[in-house]
Amino acid sequence: MKAWTLDTPASVTEHPLRLAEVPLPSPDRDELLLGVKACGICRTDLHVVEGELPVLRSPLVPGHQIVGRVAALGASVEGFAVGDRVGVAWLNRTCGVCEYCVAGRENLCEKALFTGWSVDGGYAEYATAPAPFTYHLPDSFDDTQAAPLLCAGIIGYRCLRLTGLSGNEWKGARLGLYGFGAAGHVCIQLARSRGAEVYVCTRDRERHQALARELGAVWVGDAQDEPPVKLHASIIFAPAGELVPIALKAIRKGGTLVLGGIHMSPIPSFGYSLIYGERIVRSVANNTREDGREFLSEAARIPVRTHTQVFSFDQANEALIALKNDSIRGAGVLLID
């Protein structure tokens, strides 16, 4: 089969992915073999390819927002059939027995494996995935719409959960979003459906700010701008540590700032006054399967509509360059088949 492989991390401007002919993977007893139809392009892919995350596998097939059809089943797999359309997300497998797994916090498992980082991912014609960590996808989303939901969507959902707001607290709540790419443009749809007012800070006026307005943001400004009102909570999706003190300044007492990325540039020092008043800063690490199932159900009910830019299979390097340059409006998707 054909697959894009990363041998050595390098700037995406150097086209580090190599299109290679590799053996067709064989599923283990609890795994599915998938014929990949589409794979979302995520900023985490960029961190992996450019070496901002440590090398865990080489060569590596990146990609962790996989939409595919089941082509074969491992001997012990139940609940799936050949031909089923399914999705695979970032969390590939956990140990199931550590203190985090037994406490329902499998996203923190020390032995977790991750699709497209520690195991091969979806920039390929075929991929394998553990059946217990694979999702049946709602029929209402086509392949290109579904792909960004599997990381950008799930992580945005978890970020909303960790704001501490729930139920009726969302009605009239003021939520800030810093960065408005794949995750932000899904997250705003969830937040607005719950009754929140959304304030978006992002630097790209032509694409990202315009899309934020289209999706119902009540205020849109530059990444460095301060919203006109104090916010109940904010989420930083941009991997820019310098935004942390800026975002904290805009949060009211008792509010929460959620950091939604797996990698972020250094956070500058800031005065205690920015967190005084019981303000909270917390990170989001990965996702649980419960996050994925709950999010896909809510996304289908709203319904969420992803805005995508499609790249052909031979454009994997170009897609990552576009992502790095913030030139994708919404989410990028690599079309495999």
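The values are calculated or read from the model by the stated rules, or taken from the named source; none is laboratory data. Quick caveat, the model's predicted, so the values are computed rather than measured. Neighbour counts are summed over all protein chains in view; Cβ atoms, including those assigned to glycine, are modelled from backbone coordinates with ideal geometry.
Suppose we filter T256, T308 for residues that are surrounded by 19 or more Cβ atoms within 10 Å (Cβ to Cβ), modelled with pLDDT of 95 or more and within 17 Å of A146 (Cβ to Cβ); which single one remains? Break it down stepwise before answering.
Numbers: T256 fails: within 17 Å of A146 (Cβ to Cβ).
Of T256, T308, the one residue that is surrounded by 19 or more Cβ atoms within 10 Å (Cβ to Cβ), modelled with pLDDT of 95 or more and within 17 Å of A146 (Cβ to Cβ) is T308.
Here is a check on your reading of the model: is V244 outside any helix (DSSP H, G or I) and either crowded, with 16+ Cβ neighbours inside 10 Å or among the charged types (D, E, K, R) (or both)?
Judged against the criteria, V244 is not a match.
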Exclusive hit being free of Cβ contacts under 8 Å to residues at least 12 places away in the same chain and among the polar types (S, T, N, Q), set S166, S118, S140: S166
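In the range 87-107, how many residues are surrounded by fewer than 20 Cβ atoms within 10 Å (Cβ to Cβ) and either touching a Phe, Trp or Tyr at 6+ places or on another chain (Cβ under 9 Å) or among the β-branched types (V, I, T) (or both)? Working first, answer last.
Keep residues of the range 87-107 that are surrounded by fewer than 20 Cβ atoms within 10 Å (Cβ to Cβ), which gives 95-105.
Checking the rest, the ones that are also either touching a Phe, Trp or Tyr at 6+ places or on another chain (Cβ under 9 Å) or among the β-branched types (V, I, T) (or both) come to 97, 102.
Residues meeting the conditions: 2.
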Some residue of the range 74-92 being touching a helix residue (DSSP H, G or I) at 6+ places or on another chain (Cβ under 9 Å), within 28 Å of K324 (Cα to Cα), part of a strand (DSSP E or B) and of a type in the set (D, E, K, R): no
Candidates R207, R279 - the one that is more than 28 Å from V304 (Cβ to Cβ) and among the basic types (K, R): R279
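Would it be correct to say that I302 is touching a helix residue (DSSP H, G or I) at 6+ places or on another chain (Cβ under 8 Å) and in the same structural domain as P245 (by TED's automatic domain parsing)? Walk me through how you get there before you give the answer.
On the way: touching a helix residue (DSSP H, G or I) at 6+ places or on another chain (Cβ under 8 Å): yes; in the same structural domain as P245 (by TED's automatic domain parsing): no.
Considered against the rule, which asks whether it is touching a helix residue (DSSP H, G or I) at 6+ places or on another chain (Cβ under 8 Å) and in the same structural domain as P245 (by TED's automatic domain parsing), I302 comes out as no.
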The lone exception for V229 - which of (1) outside any loop (DSSP other than H, G, I, E, B); (2) in contact (Cβ under 8 Å) with a residue 40 or more places away in the chain; (3) closer than 19 Å to R279 by Cβ it fails: (1)
Output for the range 290-328, where each listed residue is farther than 27 Å from H136 by Cα and touching a Leu at 6+ places or on another chain (Cβ under 8 Å): D314, Q315, N317, L320, L323, K324
Cross-chain or 6+ apart pairs with Cβ under 9 Å, the range 76-87 first and closer than 17 Å to S26 by Cα, then exposed (fewer than 15 other Cβ atoms within 10 Å of the Cβ) and basic (K, R): S76/R29; V77/R29
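Rundown of residues vs (1) among the basic types (K, R); (2) without any contact (Cβ under 8 Å) to a residue 40 or more places away in the chain; (3) part of a strand (DSSP E or B); (4) more than 19 Å from G260 (Cα to Cα), yes/no style:
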| position | (1), (2), (3), (4) |
| --- | --- |
| T13 | no, no, no, yes |
| A20 | no, yes, yes, yes |
| P25 | no, no, no, yes |
| L32 | no, no, yes, yes |
| K37 | yes, no, yes, yes |
| D45 | no, no, no, no |
| V48 | no, no, no, no |
| E52 | no, no, no, no |
| V55 | no, no, no, yes |
